[in-house]
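Participant: Handing you this structure, nothing more for now.
The values are calculated or read from the model by the stated rules, or taken from the named source; none is laboratory data. Not measured: the values here are computed from a predicted model. Cβ: placed from backbone, ideal geometry, glycine included. Neighbour counts: every protein chain shown. Only protein heavy atoms, including side chains, enter the accessible area calculation; ligands, DNA and RNA are left aside. Shrake-Rupley method; radii C 1.70, N 1.55, O 1.52, S 1.80 Å.
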Amino acid sequence: MSLFDIFNRKRQNGHTHAMAAGNAIPDIPESTFIEKDASGQDHPDENTATPLIGGIHVLYEFLDKNYESKGYNDALINPDATHLDQNVTALKNDLERAIRKVKTFYEDFIRQINFHISSRSRSGMVDTVEELIVKKEIAESHIIQVKEIEAQAKLNEGVGHSIIISYTRGFRNGLAAISSHIMLNKF
């Protein structure tokens, strides 16, 4: 038995080790080994910057909600003036809670970034320190904006108060819709 006879001898199951020249390799579909994304979208690059979770965008997201339709729907469910007052108070509390969350987030962020600035400056990382200082300045400007929104909301002014106006308008429109519906069905 020569060295190359190993490749030509028959296996126990009757197949030969060497492929015959006429046998083609079976076509195996790509889906057997590669799972395609169901949405058809590529996965985002891992290098893309993600926004800070808990920043000022959380507050603006709260302020951008449609409170007029919420007020309208609440009026249809319970058309009572005390219900309006309770929901306005609840909205004010929710706004205050959102402001506190954002302020706490930035205060913690600034404490952490101060540590990194001092640590990296001791290590001589000038470019990194400059980047950290810019991030800190952005956070400080966001805190100023949050404090302005908070002060205006306490005075029933500005964007914080606009959610109350929007909710109240929706609630009153809901009351008007109830009255209109009742009056139209009577005659």
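Participant: Which of the numbered conditions does GLU137 fail, given that it passes all the others? Conditions: (1) open to solvent by 60 Å² or more (accessible area, probe 1.4 Å); (2) not hydroxyl-bearing (Ser, Thr, Tyr); (3) not in a helix (DSSP H, G or I).
Facilitator: With respect to (1) open to solvent by 60 Å² or more (accessible area, probe 1.4 Å); (2) not hydroxyl-bearing (Ser, Thr, Tyr); (3) not in a helix (DSSP H, G or I), GLU137 is out only on (3).
Participant: Test ILE53 against the criterion of being of a type in the set (Val, Ile, Thr), surrounded by 15 or more Cβ atoms within 10 Å (Cβ to Cβ) and farther than 15 Å from GLY174 by Cα, and give yes or no.
Facilitator: Spelling it out, it is not the case that ILE53 is of a type in the set (Val, Ile, Thr), surrounded by 15 or more Cβ atoms within 10 Å (Cβ to Cβ) and farther than 15 Å from GLY174 by Cα.
Participant: Criterion first (farther than 30 Å from THR168 by Cβ and out of contact with any Leu (no Cβ under 6 Å at 6 or more places or on another chain)) does VAL146 satisfy it? Explain how you work it out, then say what you get.
Facilitator: Values: farther than 30 Å from THR168 by Cβ: no; out of contact with any Leu (no Cβ under 6 Å at 6 or more places or on another chain): yes.
Criteria not met by VAL146.
Participant: Here is a follow-up. Could you grab me the full set of residues in segment 140-160 that are exposed (fewer than 14 other Cβ atoms within 10 Å of the Cβ) and of a type in the set (Gly, Ala, Ser)?
Facilitator: Correct list: SER141, ALA151.
Participant: Right, something else. Does ALA90 qualify as being under 24 Å from the mean Cα position of the chain (by Cα), among the hydrophobic types (A, V, I, L, M, F, W, C), closer than 30 Å to PHE171 by Cβ and at pLDDT 90 or above?
Facilitator: Working: under 24 Å from the mean Cα position of the chain (by Cα): yes; among the hydrophobic types (A, V, I, L, M, F, W, C): yes; closer than 30 Å to PHE171 by Cβ: yes; at pLDDT 90 or above: yes.
Considered against the rule, which asks whether it is under 24 Å from the mean Cα position of the chain (by Cα), among the hydrophobic types (A, V, I, L, M, F, W, C), closer than 30 Å to PHE171 by Cβ and at pLDDT 90 or above, ALA90 comes out as yes.
Participant: Within segment 154-180, how many residues turn out to be under 16 Å from ALA90 (Cα atoms), more than 25 Å from the chain's Cα centre (by Cα) and free of Cβ contacts under 8 Å to residues at least 24 places away in the same chain?
Facilitator: 3
Participant: So which residues in segment 96-153 are under 21 Å from the mean Cα position of the chain (by Cα) and among the small types (Gly, Ala, Ser)?
Facilitator: Those that are under 21 Å from the mean Cα position of the chain (by Cα) and among the small types (Gly, Ala, Ser): ALA98, ALA139.
Participant: Out of the residues in segment 161-187 that are open to solvent by 50 Å² or more (accessible area, probe 1.4 Å) and aliphatic (A, V, I, L, M), which is nearest to THR104 (Cα to Cα)?
Facilitator: Initial filter on segment 161-187 (open to solvent by 50 Å² or more (accessible area, probe 1.4 Å)): 162, 165, 169, 172-173, 175-176, 179-187.
Checking which are aliphatic (A, V, I, L, M) leaves us with 165, 175-176, 182-184.
Working: ILE165: 27, LEU175: 39, ALA176: 41, ILE182: 49, MET183: 51, LEU184: 52 Å.
Within segment 161-187, the match that is nearest to THR104 (Cα to Cα) is ILE165.
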